[in-house]
Amino acid sequence: MAGALQLAAPSVVLVVLLYSVTLAYPANERMTYGALSLALLGLSATFPTLFAAFFSGPLADRYDRGVLMRAVNLASVLATVALVADLIYAPATHIAMPGLAGFYIPLWLLLLYPAWAAIAVTTTMFRPPYNTSVAHLVGTRDLGLANGAIYASAAGASTAVTIAAGVLLTVGSAVYALGIAFVLFFVTQVALVLVDVDLSVRRRTRPHSVWREARAGYAFLLRRRGLLQITVLALFVNLFAAIALVELGLYIATWLGLLSGFWYGTMIAASTSGVAAGFLAISHIRFEHRAGRLIIFLTFLLGASLLGLGLVRSIWFALPIYFVYGMVSGMIVNIFLSVVQATVPDEMMGRVFSADEVGSYALIPLGQVVGGVLVLVVHVQGSFLLAGGAILGFAVLMFVSFTSLRRLGYEARASPETEALTH
């Protein structure tokens with residue numbers, strides 16, 4: 001329960017912030033100042049997240065993972081309180097910004113950025129100790145089912161609470177909607193305090209400095225070509241997905257013509273419910289021996305989904321397409337988590353997870369900046385068409401040239417022992 005709620009809470013915060021940033025400007029400024037402010041919202045969290053991802057793995061491989069999860073979730077609680085305080089007091093001063101002529105950001109909006117960065121950082125630091133803990137509890141044969149149940153529960157909870165947040169944004173205020181996130185983080189903290197399982201690291205070597213252990217994680221990843229190629233895949237896909245999805249609020253408000261907060265929550269709920277369906281569906285498929293080939297095929301579908309969003313102008317078409325996007329994403333993540341948990345030693349697992357996150361996030365800042373500027377040139381539709389087409393093309397390239405990824409898989413075992421089939 002703790003993991004599901006902690007993973008669901010940031011989606012509520014994101015709905016509130018997308019809605020608040022988009023409507024912070026008059027209608028005639030949303031395609032310019034609003035677009036750039038949305039890009040800066042994403043950018044504000046990216047560099048802190050990269051820093052946190054770099055160190056989260058070594059920390060998860062050195063210290064009790066239960067203690068780490070409680071500490072970072074408490075920080076999430078405090079960051080949510082800061083967001084609520086900012087929206088309540090809402091200082092009205094406007095801050096002039098460099099770049100586009102006349103570009104400004106209201107002070108209350110500018111203060112949202114560091115609090116959002118703190119939530120993104122704590123969520124990032126929560127994932128490595130949480131994901132590594134799963135391998136303590138189940139055998140490799142059941143990893144897909146375990147990950148499916150955990151993340152489907154998280155996505156299901158996220159779907160419910162994002163819809164609730166959208167409703168509150170429509171009939172109430174952003175402060176009430178953020179109250180949902182606070183409750184989720186708070187209940188998570190209580191649940192983590194009540195956990196009575198040994199989550200300490202099973203090490204065969206003595207700890208070194210955090211920096212040295214982080215480098216050892218990257219060296220391990222470089223030796224495992226299949227896992228390395230997944231990281232390259234995530235880097236490229238996240239770059240182009242960021243180009244499009246950083247402007248999701250603008251896509252809904254201008255391309256689909258819907259300004260109600262309800263539709264913001266509903267769109268994100270469609271994606272997160274798709275994630276839940278994807279985690280559950282793939283967990284009932286014996287993917288262990290063909291994990292890499294499935295990832296390549298699913299990447300193709302991911303690009304097709306973004307392309308589809310750029311081709312429709314009705315919310316009733318956009319919702320099922322975004323559901324498919326989420327479902328495919330959930331399938332890919334479940335496969336990746338299971339492969340790492342099955343094939344990487346426990347004392348190295350946190351660092352592999354964090355190294356993958358660093359690689360995955362490395363180009364997101366560029367994608368967010370490009371997305372904010374690109375929408376000024378080719379508009380919202382063009383950014384979705386470009387992103388989807390690029391991912392489709394990369395999926396074809398992977399199939400042709402990523403030999404190690406095509407062979408990636410592992411042997412399903414009943415006990416929680418790890419043994420790699422492929423390297």
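The values are calculated or read from the model by the stated rules, or taken from the named source; none is laboratory data. Since the structure is predicted, the reported quantities are computational estimates derived from the model, not experimental observations. Quick reminder, even Gly has a Cβ in these numbers, built from the backbone with ideal geometry, and neighbours come from all protein chains shown.
At a glance:
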| quantity | calculated |
| --- | --- |
| Qualifying residues in the range 356-383 (those that are at pLDDT 75 or above and small (Gly, Ala, Ser)) - the one nearest to residue 238 (Cα to Cα) | 383 |
| Any hit, the range 408-421, residues being hydrophobic (A, V, I, L, M, F, W, C), modelled with pLDDT under 65, closer than 26 Å to residue 222 by Cβ and more than 24 Å from the chain's Cα centre (by Cα) | yes |
| Lone unmet requirement of (1) at pLDDT 90 or above; (2) touching a helix residue (DSSP H, G or I) at 6+ places or on another chain (Cβ under 9 Å); (3) surrounded by fewer than 24 Cβ atoms within 10 Å (Cβ to Cβ) for residue 303 | (3) |
| Residue, modelled with the lowest pLDDT, within the range 70-89, restricted to residues that are surrounded by 15 or more Cβ atoms within 10 Å (Cβ to Cβ) and either touching a Ser or Thr at 6+ places or on another chain (Cβ under 8 Å) or among the small types (Gly, Ala, Ser) (or both) | 87 |
| Any hit, the range 24-35, residues being closer than 30 Å to residue 214 by Cβ, among the small types (Gly, Ala, Ser) and crowded, with 20+ Cβ neighbours inside 10 Å | no |
| Tally, over the range 280-337, of residues that are of a type in the set (S, T, N, Q) and over 17 Å from residue 140 (Cα atoms) | 4 |
| Residue list for the range 169-185, restricted to those being without any contact (Cβ under 8 Å) to a residue 24 or more places away in the chain and either among the acidic types (Asp, Glu) or part of a helix (DSSP H, G or I) (or both) | 171, 176, 183 |
| Test: residue 16 is buried (at least 21 other Cβ atoms within 10 Å of the Cβ), over 25 Å from residue 133 (Cβ atoms) and among the β-branched types (Val, Ile, Thr) | yes |
| Some residue of the range 145-153 being surrounded by 23 or more Cβ atoms within 10 Å (Cβ to Cβ), touching a residue at least 40 places away in the same chain (Cβ under 8 Å), aliphatic (A, V, I, L, M) and part of a helix (DSSP H, G or I) | no |
| Top-ranked residue of the range 138-151 - restricted to ones that are of a type in the set (Gly, Ala, Ser) and at pLDDT 80 or above, ranked as nearest to the chain's Cα centre (by Cα) | 148 |
| Of residues in the range 384-407 being at pLDDT below 90, touching a helix residue (DSSP H, G or I) at 6+ places or on another chain (Cβ under 9 Å) and of a type in the set (Val, Ile, Thr), the one nearest to residue 244 (Cα to Cα) | 396 |
| Options 115, 165, 135: the member that is in contact (Cβ under 8 Å) with a residue 40 or more places away in the chain and under 25 Å from residue 31 (Cα atoms) | 165 |
| Unique match (being of a type outside the set (S, T, N, Q), surrounded by 22 or more Cβ atoms within 10 Å (Cβ to Cβ), part of a helix (DSSP H, G or I) and within 16 Å of the chain's Cα centre (by Cα)) among 282, 252, 243, 295 | 243 |
| Residue count for the range 223-270, restricted to those that are among the hydroxyl-bearing types (Ser, Thr, Tyr) and in contact with a Gly (Cβ under 7 Å, 6 or more places away or on another chain) | 3 |
| Count - residues of the range 33-90 that are of a type in the set (D, E, K, R), over 14 Å from residue 113 (Cα atoms) and touching a Leu at 6+ places or on another chain (Cβ under 7 Å) | 3 |
| Conditions (1) over 30 Å from residue 345 (Cα atoms); (2) in contact (Cβ under 8 Å) with a residue 24 or more places away in the chain; number of the one not met by residue 89 | (2) |
